[in-house]
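Take a look at the structure set out below.
The values are calculated or read from the model by the stated rules, or taken from the named source; none is laboratory data. Quick caveat, the model's predicted, so the values are computed rather than measured. We place every Cβ from the backbone using ideal geometry, glycine too, and count neighbours over all the protein chains shown.
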Protein chains: 2
Amino acid sequence: MAIQFTTTPIDGATLLEFEIDGGICEPSDLANLVPPDVDGTGGVVISGRGPVWLYAALARHYYTTQWVATFDPRLGGAVVTSRHSRTAPPVGSVVELPKKVPE
Amino acid sequence: MAIQFTTTPIDGATLLEFEIDGGICEPSDLANLVPPDVDGTGGVVISGRGPVWLYAALARHYYTTQWVATFDPRLGGAVVTSRHSRTAPPVGSVVELPKKVPE
């Protein structure tokens, strides 16, 4: 598969990072997309360099989780685009991600 | 509101075009977003120059329609990112849009 996923638990959510082999993916890759399972009791933060339609498909895929956000490098945080619970961060709020620490 | 929507009936779908006043929108604009009603018996094609999170929020908003696609200017067509019906174009297929004719 041309798209690799990495999941990392963060506070109340799963950070879902994708990486596209060679940097280019095709619409047909969506047909075979198998995003990883996440803890549905939290949110999902989608991050990666890819086309809008990949984000739209992933946001749709995870819509049953508590909330979904997409990382925006210009903001340095993730924007909540939908939520299922009133205790989730509101749509339109910006969720900060933990700083990455060197391994 | 900073985001204007235009809907145009196309073959089996509604073309939903958005335009951001001044070209810049803020995450907080999502909280007050009121996307227009569309014919839910067809698909929705989302098109416009805007951030990934706006697309993700709009794709989520219209998920009850038959299918959702996002326009990709590089492809010159719209990529289907989700569908509700087996008669809808499959996820990952590219839907061509009608050429615009001068008014």
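Just a few scattered comments:
- When residue A:21 is tested against the conditions (1) at pLDDT below 95; (2) closer than 24 Å to residue B:94 by Cα; (3) within 10 Å of chain B (Cβ to nearest Cβ), the lone failure is (3).
- Selection from segment A:14-35 of residues that are over 10 Å from the mean Cα position of the chain (by Cα) and either among the polar types (S, T, N, Q) or closer than 23 Å to residue A:99 by Cβ (or both): A:19, A:28, A:32
- Unmet requirement for residue A:90, which otherwise passes all of (1) out of contact with any helix residue (DSSP H, G or I) (no Cβ under 9 Å at 6 or more places or on another chain); (2) surrounded by fewer than 14 Cβ atoms within 10 Å (Cβ to Cβ): (1)
- Scan segment A:20-40 for residues that are surrounded by 14 or more Cβ atoms within 10 Å (Cβ to Cβ) and in contact with a Gly (Cβ under 6 Å, 6 or more places away or on another chain) and the total you get is 4.
- Restricting segment B:41-99 to residues that are at positive phi and more than 10 Å from the chain's Cα centre (by Cα), the residue that is modelled with the lowest pLDDT is B:76.
- Filter result for the condition that a residue is touching a helix residue (DSSP H, G or I) at 6+ places or on another chain (Cβ under 6 Å) and among the aromatic types (Phe, Trp, Tyr), over B:55, B:62: B:55
- Sole exception among (1) surrounded by 18 or more Cβ atoms within 10 Å (Cβ to Cβ); (2) out of contact with any Pro (no Cβ under 9 Å at 6 or more places or on another chain); (3) of a type outside the set (Asp, Glu) for residue B:61, by number: (2)
- Test result for residue B:7, on the phi < 0 side of the Ramachandran plot, within 11 Å of the chain's Cα centre (by Cα) and among the β-branched types (Val, Ile, Thr): yes
- Among the residues of segment B:29-38, not a single one is closer than 20 Å to residue A:49 by Cα and modelled with pLDDT of 95 or more.
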